[in-house]
Amino acid sequence: MALQHIDTDTPWWQLGVVYQIYPRSFMDSNGDGIGDLAGVEQRLDHLVDLGVDALWLSPFYTSPMKDFGYDVADYCDVDPMFGTLDDARSLITSAHSKGLRVIVDFVPNHTSDQHPWFIESRSSRSNPKRDWFFWRDGTAQPPNNWLSHFGGIAWTWDPSTEQWYLHSFLKEQPDLNWRNPEVRAAMMDVIRFWLDQGVDGFRLDVAHYIAKDPQLRDNPWLAEGERNAGHRDSGEFSRMVHVNTHSHMDIHDWYAELRQVMDTHHVAERGVTARYSVGEIHLFDWEEWAKFYGTGPGTGLTMPFNFSLMKTGWNAPAIRAAIESCEAAVPAWGWPNWVLGNHDESRVATRFGSEAAARAAMVLLLTLRGTPTLYYGDELGLIDTPISADQMQDPWGINVQGLGLGRDPERTPMPWDSTANAGFCPVGVTPWLPIGDLSVNVEAQHHDPESFYALTRSLLALRRSRAALTVGSWLAVDAHDDSVVAFERHASGESTIVVAVRVGGAAGVVSLGEGLGTVVLRSSSIHSSDTVDLASVELRGNTAVVIERR
């Protein structure tokens, strides 16, 4: 249904919803137990039926797979595990034919140690690519006290050239030196290559990490007993203040350059508009976070990912504070975004403790002002799949054992049906990770009018039919109940939409303003056209309601 009262120049990403696909786990087309690009193409109709507007593909590049593709050995080719470059082109073309945009992962901070650039850099101290990475002298001690996200120090000694190299993650993922102009030029060429293939945008992995302190100074430590907010507890890493490891002011010039490349490459002859860039930026200082929008329209990333709702827990006061802080921080030329799940975080239904809470959270996600991103399977209310020690694949969980850091439980195969391998791969083939509860699957939920899938689909249809829920303004509503998050969305020429979410708590009556309204959706029972008095709305625990004011 066409939206009313929307300027035709409004970019697609401001109106749309992004759906993240972890290719290893979406659909196996060749029977090897691992998902691939041809499998994604086979399942595009699921995205169309659901009602999303774009798919974001986690890395599928040539890689030794030490970190499942985030260790890139060739930025401009496809790993045989996932198919071929022709498969990528076919997927992009097919998605476009169905009205879907395609966003690919870009990994700017580090390569694989098997990338030709690093192999050259490592060959000798005098190699022309030596300065493409961080090489430093040292004796028995590394150059500074920086720590790796995956455990231990962030430096590895290279005996052949007798220097240390920096890796913020695995030792097989050496960090690129973005202060070298040749590195920046090479990475811009990668952006151009994928734009040439027809992609509509990029998700930038650990985007803030590319700008280290030029002097590589030590990071300070927190006081004993304190922990760094926003990180999974990984021992020493969470006790360090990573102030010198990332986000140096130079980064904003580099992203202004990237934005210019994206906004100008082949645009005139192709008529392409509104390319999209979103950075994975784990910063929880709103002022620093907002700087990644740039200094004006088109001067920074389209948006930095907003992870605040993933870090608040299922807690109404914290959720309200996160929403209000984001609304206050986004600059006038910027646009908010929201996400509740991804490949690095426990599933929403597991984190929030119940399907009812996850359903209410889905209402929240898809009615806030801003661009939402869904993680594959969250439209079904999937929970984490238990992974035994011998089934573990994630290097983070393997390297930093005993801290529960493994991300395998939220990366398990998509359940398409109730057959032995859930329609993900042929029966008799062992999938790369075990499959969870077979009763929770796309086929079953597709035929259930009250399923989690039906709720998500209804929300997306409602969002598409109301300008208030896409480009409309946002205004907090005081429901006079500490367990309720409530707000209004409004667009010129349309009725106001009122949303209320009870976060936990017992059933009770809340006040959402004055006058009458029509219930257009409930998280617990999707189809409703009840007339309600906004001053007295019954709201059960862990439920949400969407009301159109009369």
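Looking across region 173-225, the residues that are surrounded by fewer than 17 Cβ atoms within 10 Å (Cβ to Cβ) and hydrophobic (A, V, I, L, M, F, W, C) come down to ALA185, ALA186, PHE193, LEU216, TRP221, LEU222, ALA223. Answer yes if at least one residue in region 452-459 is more than 30 Å from PRO317 (Cβ to Cβ), at pLDDT 95 or above and among the charged types (D, E, K, R), and no otherwise. Checked against the condition, which is being more than 30 Å from PRO317 (Cβ to Cβ), at pLDDT 95 or above and among the charged types (D, E, K, R), region 452-459 yields at least one hit.
Considering every residue within region 124-137, establish whether at least one is within 30 Å of CYS425 (Cα to Cα), part of a loop (DSSP other than H, G, I, E, B), in contact (Cβ under 8 Å) with a residue 12 or more places away in the chain and not small (Gly, Ala, Ser).
Of region 124-137, the ones within 30 Å of CYS425 (Cα to Cα) are none.
The answer is no, given that none of the residues of region 124-137 is within 30 Å of CYS425 (Cα to Cα), part of a loop (DSSP other than H, G, I, E, B), in contact (Cβ under 8 Å) with a residue 12 or more places away in the chain and not small (Gly, Ala, Ser).
Among residues belonging to region 338-359 that are closer than 18 Å to LEU374 by Cβ and surrounded by fewer than 22 Cβ atoms within 10 Å (Cβ to Cβ), point out the one that is farthest from the chain's Cα centre (by Cα). Here the answer is GLU355.
Could you check how many residues of region 340-360 are under 14 Å from TRP314 (Cα atoms) and either touching an Asp or Glu at 6+ places or on another chain (Cβ under 9 Å) or assigned to a loop (DSSP other than H, G, I, E, B) (or both)?
At the first step, the residues of region 340-360 found to be under 14 Å from TRP314 (Cα atoms) are 340-341, 346-360.
After this cut, where a residue has to be either touching an Asp or Glu at 6+ places or on another chain (Cβ under 9 Å) or assigned to a loop (DSSP other than H, G, I, E, B) (or both) as well, the list is 340-341, 346-354, 358.
The qualifying residues number 12.
Among the conditions (1) at pLDDT 95 or above; (2) aliphatic (A, V, I, L, M); (3) surrounded by fewer than 21 Cβ atoms within 10 Å (Cβ to Cβ), MET392 misses just one, which is (1). Consider region 508-519 and keep the residues that are surrounded by fewer than 20 Cβ atoms within 10 Å (Cβ to Cβ) and β-branched (Val, Ile, Thr). The one that is farthest from the chain's Cα centre (by Cα) is VAL509. Exactly one residue among GLU488, GLU538 is part of a strand (DSSP E or B), outside the structural domain of GLY334 (by TED's automatic domain parsing) and at pLDDT below 95, and that residue is GLU538. Taking the residues in region 250-273 that are at pLDDT below 95 and either in the same structural domain as MET303 (by TED's automatic domain parsing) or part of a loop (DSSP other than H, G, I, E, B) (or both) as candidates, determine which candidate is nearest to ALA207 (Cα to Cα). Top of the filtered list is HIS265. Of all residues in region 288-324, those satisfying the criterion of being in contact (Cβ under 8 Å) with a residue 12 or more places away in the chain, more than 19 Å from TYR209 (Cβ to Cβ) and in a helix (DSSP H, G or I) are SER308, LEU309, ALA316, PRO317, ILE319, ARG320, ALA322, ILE323, GLU324. Looking at ASP408, ASP378, just one residue is under 26 Å from GLY152 (Cβ atoms), touching a helix residue (DSSP H, G or I) at 6+ places or on another chain (Cβ under 7 Å) and either at pLDDT 95 or above or not assigned by TED's automatic domain parsing to the domain that holds LEU340 (or both), and that residue is ASP408.
For region 432-471, a residue qualifies if it is surrounded by 21 or more Cβ atoms within 10 Å (Cβ to Cβ), out of contact with any helix residue (DSSP H, G or I) (no Cβ under 8 Å at 6 or more places or on another chain) and either acidic (Asp, Glu) or outside any helix (DSSP H, G or I) (or both), and exactly one does: ARG466. Scan region 58-72 and give yes if some residue there is crowded, with 22+ Cβ neighbours inside 10 Å, in contact with a Leu (Cβ under 8 Å, 6 or more places away or on another chain) and either without any contact (Cβ under 8 Å) to a residue 60 or more places away in the chain or under 23 Å from GLU379 (Cβ atoms) (or both), otherwise no. So far as region 58-72 goes, yes, one or more of its residues are crowded, with 22+ Cβ neighbours inside 10 Å, in contact with a Leu (Cβ under 8 Å, 6 or more places away or on another chain) and either without any contact (Cβ under 8 Å) to a residue 60 or more places away in the chain or under 23 Å from GLU379 (Cβ atoms) (or both). Counting the residues of region 309-332 that are of a type in the set (Gly, Ala, Ser) and touching a Phe, Trp or Tyr at 6+ places or on another chain (Cβ under 7 Å) gives 2. Of all residues in region 1-22, which are under 14 Å from the mean Cα position of the chain (by Cα) and either at pLDDT below 95 or over 12 Å from GLY370 (Cα atoms) (or both)? Residues satisfying the conditions are TYR19, GLN20, ILE21, TYR22.
Filtering region 465-482 to residues that are closer than 22 Å to ARG502 by Cβ and aliphatic (A, V, I, L, M) leaves ALA468, LEU469, LEU475, ALA476, VAL477, ALA479. Cβ-Cβ distances below 9 Å connect the following pairs, each with a first residue in region 509-527 that is in contact (Cβ under 8 Å) with a residue 40 or more places away in the chain and within 14 Å of TYR453 (Cα to Cα), a second residue that is surrounded by fewer than 15 Cβ atoms within 10 Å (Cβ to Cβ) and of a type in the set (D, E, K, R), and a separation of six or more residues or different chains: SER524/GLU450; SER525/GLU450; ILE526/GLU450; HIS527/GLU450.
Does GLY423 satisfy being surrounded by fewer than 21 Cβ atoms within 10 Å (Cβ to Cβ) and in a loop (DSSP other than H, G, I, E, B)? Outline the logic, then answer.
Working: surrounded by fewer than 21 Cβ atoms within 10 Å (Cβ to Cβ): no; in a loop (DSSP other than H, G, I, E, B): yes.
Against the criterion (surrounded by fewer than 21 Cβ atoms within 10 Å (Cβ to Cβ) and in a loop (DSSP other than H, G, I, E, B)), GLY423 does not qualify.
The values are calculated or read from the model by the stated rules, or taken from the named source; none is laboratory data. Predicted, not measured: the structure shown is a model, and the values here were computed from it. FYI the Cβ positions are ideal-geometry reconstructions off the backbone, even for glycines, and counts take in every protein chain you see.
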